[in-house]
Amino acid sequence: MLANLGFAVLVITLLVSIYGIAAALYGARTGREAWVLSARQAMLLTWPLVTLSALCLVALLVTNHFEVEFVYSVTSRSMPGYLKATALWGGQAGSLLFWSWLMAAFASAAGLRRWDRDREFLPWVVVVALVTLAFFLSLIILFENPFARLWAAPAGETIKAMFAPSGAVLVTPGDGQGLNPLLRHPGMIIHPPMLYLGFVSFVIPYAFGMAALITRRTDDRWIRVTRRWTLVAWLFLSMGLVLGGRWAYDVLGWGGYWGWDPVEIAAFMPWLTGTAFLHSVMIQEKRGMLKHWNMVLVILTYCLVIFGTFLTRSGVLSSVHAFAQSAIGPAFFGFIGLSFAASLALLLSRWNELRGENQLTSLLSRENLFLLNNLLFVSILVACFWGVIFPLISELFTGQKVTVGPPFYERTTGPMFAGLLLLMGIAPLSAWGRTAGRSLGRLIVWPLAASLVVPLGLALSGTHNPAALLGFWLAAFVTLVTLSEFWRGALARRRIYKEALPVALWNLAGRNRRRYGGYIIHLGVVLMAIGIIGVELYQQETQGTLAEGQQITLGKYVMTYDSLAEFNAPDDRLVARAVTTIYRDGQKVAELYPRRDFYYVSQQPMTIPGVYSSLEGDFYVLLVGWEPIGSSGATFKIYLNPLINFLWGGSLVFILGTLVAAWPDRERARATARVPAGALAQRAK
Amino acid sequence: MEATHNDAPRGNGRPASGGRTKFIIGGLLILAAVGYLIISSTQAAAQYFLTVEELESKASSVGSRNVKVSGAVVGESIAYDPQSLTLSFTIANVPGDIQEIEASGGLAAALEAAVMNPSAARIPVVYIGPKPDLMRDQAQAILTGHLGEDGIFYADEVLLKCPTRYESALPEQSG
């Protein structure tokens with residue numbers, strides 16, 4: 001039986017992990033290399049094992065084994081095969097297994113790296129990775145077993161259990177409940193894996209950080225080793241967040257992409273600490289400062305990752321409350337609390353060995369600007385965390401539950417995000433160690449003056465919202481500074497190496513991927529900011545009931561309602577689909593088909609918008625209601641989302657920049673040989 | 001990687017004139033600004049989160065202030081007029097206390113009990129807008145809005161959760 005096999009393999013994996021932890025601890029304590037190597041083998045073994053178990057579950061899902069409760073709850077016969085397979089992460093039990101599978105994959109990948117230069121880290125990395133894995137495996141085995149089956153007890157009730165209760169017989173329902181229709185969307189198929197990949201890969205930098213503390217090798221070696229891991233983790237986390245927003249925009253039908261829901265915030269918080277970490281490790285590498293702070297950030301990120309897994313797990317619309325019923329709540333909080341306390345205690349015991357090699361000297365130095373950036377990221381984190389726990393705090397102290405909604409988050413984080421944008425414009429022009437105010441002023445004056453053209457122009461053409469003017473000014477300023485960095489670097493290369501400008505630009509970014517990748521990311525963030533300002537401040541909406549042939553106007557757009565048809569789709573849903581034509585300035589630009597699907601099995605409707613996208617913005621129309629027979633009238637809700645495509649386009653630029661920054665260097669040796677150390681960068685300044 | 005990148009002098013920097021004071025003052029200023037932002041926004045955006053029962057008993061003190069209220073949607077009360085986009089329904093009281101919900105067998109059971117119990121406190125709700133997809137019997141509704149003088153709760157925002165979707169009620173015995 002596949003279910004038995006899958007479960008047995010999980011138990012074996014847990015035992016292997018526990019063995020690995022014990023062997024690594026023993027090997028490290030006694031200095032016996034063979035035990036450490038054996039622990040490493042155990043870690044490498046976990047991945048094929050969890051793979052086998054996950055494959056068992058996928059096979060059960062695809063072949064309609066509805067006697068398995070998890071299969072019954074997330075699939076149905078009418079679902080296409082790919083949806084059945086990806087239903088693996090459509091429910092809590094399966095997604096915990098999927099999480100463990102990714103964790104095992106990353107642990108194994110870390111185990112396979114070349115360890116010659118940092119052998120002493122190995123046992124401790126094994127311990128941290130396997131403890132994390134073992135925790136999730138025990139959750140699955142003890143509380144959330146995806147292989148548990150349905151049994152009919154003699155008394156007549158249905159029981160969910162792994163093995164037959166006495167006298168019970170197996171129940172095989174004829175069909176399953178099917179995946180929640182809201183989750184049947186391409187965005188939802190890749191969004192959770194991306195988020196999980198981001199979560200899981202942050203475990204590796206944490207493992208190395210802890211290994212560095214334990215072995216007292218507290219130089220920046222652990223940071224250099226994990227630099228690429230961190231970038232990859234951050235990339236996946238960013239993509240997961242963006243895809244989640246895109247899914248909400250496409251599926252949830254409220255014309256928005258981010259609602260400051262606790263679940264979203266839970267995924268956002270490790271991203272905040274991760275981003276702060278990415279910046280502050282550079283200070284440690286360049287100046288040997290902020291060593292404590294980096295440890296704190298990596299510990300926080302790890303704990304927030306586990307917390308995020310816990311909160312986001314339940315899928316879209318559940319909340320902490322739906323979770324409290326499951327036995328895994330206390331287990332999660334226990335694990336997070338323990339890891340946090342243990343890591344912090346370890347950090348405190350090594351406090352004196354982490355003293356910085358330099359001190360801050362100048363307010364305008366690059367390290368101080370990075371420090372400010374970190375302060376802002378952590379402030380956003382604090383605001384988010386405060387917003388999430390405020391109801392609990394208020395209830396504790398006043399006995400009355402008081403919540404804060406999106407206005408709270410917008411009001412607190414808005415100025416902080418603006419501050420981050422400003423830093424993004426200033427920091428690239430500053431120098432490490434000490435920046436003379438005058439030279440910074442000379443560099444900054446031109447982009448500053450030129451960027452002011454944007455808000456002035458906007459103000460003259462009728463934009464008076466101060467937040468929008470400030471936002472667009474910052475966007476212009478950062479763009480100018482960043483582009484001029486590329487320009488000055490490329491000019492310097494052309495002068496020194498006689499390269500053509502495009503070649504110079506290519507080589508500039510290629511030889512210094514981290515810096516210029518970072519700049520590309522900044523440009524992506526600016527584009528995203530433009531999109532966010534556009535939607536948040538200038539969204540328009542209207543609604544109306546139209547008879548066939550009638551029209552409705554919003555902004556420059558006119559929509560006519562042509563017809564409506566109702567029909568049954570093969571996967572058990574009734575589709576009501578309207579045909580509308582969109583005109584912009586009197587010109588026909590698109591035909592849109594907003595529709596509403598009604599899923600029979602789950603008795604749930606799903607509204608799917610019709611969207612006409614352009615650089616200017618999205619025309620986003622929802623079919624709200626209609627007369628079933630005679631189809632004389634239909635009601636529509638329409639949103640105009642200006643500039644929203646800058647948000648999606650910016651996220652692509654963002655991803656590109658991260659890839660540039662994370663791309664392995666293959667020309668390192670040649671570059672070092674040819675370039676007299678530092679000549680280029682000096683002149684590029 | 002950093003071979004061409006030498007703008008980072010390492011070595012012992014000396015504390016600048018003025019020492020650490022300016023950094024400490026700067027840091028404190030930022031902390032104060034952040035603290036102010038968080039506290040003032042909390043005050044500006046705070047909303048009471050009430051159960052139906054609490055809303056009824058505090059009707060006078062809450063007045064027309066914006067509050068959040070949660071309850072179970074009573075299925076047969078749902079009425080929607082697509083012409084005017086007017087959605088009206090009734091929500092029944094669900095205990096706000098987690099322990100109480102646990103004791104009654106989980107959120108799904110608590111929602112069902114609330115709808116079935118004719119003596120549970122109820123309140124009529126009106127919302128203008130598209131009818132949410134999850135609007136159905138025994139869904140948990142979290143509404144933001146205000147209580148009108150006519151005793152109707154006028155919602156600006158409707159958030160719905162269907163715990164049953166995730167806990168999947170076990171199927172009837174089928175052999």
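Computed quantities for the displayed model
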| read-out | value |
| --- | --- |
| Proxy reagent accessibility, fewest Cβ within 10 Å first, across B:M116, A:M528, A:M424 | B:M116, A:M528, A:M424 |
| Magnitude of the charge dipole, chain A, Cβ model with Lys/Arg +1 and Asp/Glu -1, debye to 20 | 3520 debye |
| In segment A:83-185, the GluC sites (Glu not before Pro) that fall in loop regions by DSSP, at most 12 other Cβ within 10 Å | A:E157 |
| Inter-site label distance for A:I190 and A:Q400 at 7 Å from Cα along Cβ, in nm | 4.8 nm |
| Modelled FRET efficiency - R0 25 Å, B:E100 with A:F163, Cβ distances, 0.05 increments | 0.15 |
| Prolate/oblate/rounded label for segment A:45-157 (Cα gyration tensor, a/c 1.5) | prolate |
| Integer Hz, Karplus 6.51/-1.76/1.60 couplings in order for segment A:167-178, x for Gly and Pro | x, 8, 10, 5, 10, 10, x, x, 8, x, 7, x |
| Overall form of segment B:48-167 per C-alpha gyration tensor (a/c, 1.5; a/b vs b/c) | oblate |
| Shape category assigned to chain A from the gyration tensor of Cα positions, a/c cut at 1.5 | oblate |
| Coil-residue trypsin sites (Lys or Arg not before Pro) of segment A:473-547, DSSP, other Cβ within 10 Å capped at 12 | A:K498 |
| 222 nm mean residue ellipticity, helices alone, for chain A (DSSP H n ≥ 4; -39,500 (n - 2.57); rounded to 500) | -21000 deg cm²/dmol |
| Segment A:490-560: GluC sites (Glu not before Pro) in DSSP loop, at most 16 other beta carbons within 10 Å | A:E499, A:E548 |
| Nearby lysines by direct alpha-carbon distance to B:K161 (threshold 18 angstrom, same-chain neighbours under 8 apart not counted) | B:K68, B:K131 |
| Inter-site label distance for A:A59 and A:V453 at 7 Å from Cα along Cβ, in nm | 6.6 nm |
| Hits among aspartates and glutamates - C-alpha to C-alpha of B:K58 under 19 Å, sequence gap 8 or more where chains match | A:E395, B:D97, B:E149, B:D150 |
| FRET efficiency for A:Y26 and A:Y82, using Cβ-Cβ distance with R0 set to 41 Å, rounded to 0.05 | 0.35 |
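Laboratory data are not the source of any read-out in this text; all were calculated from the coordinates shown. Keep in mind it's a predicted model, so treat the numbers as computed, not measured. Note that we place each Cβ from the backbone using ideal geometry, even for glycine, and neighbour counts take in every protein chain shown.
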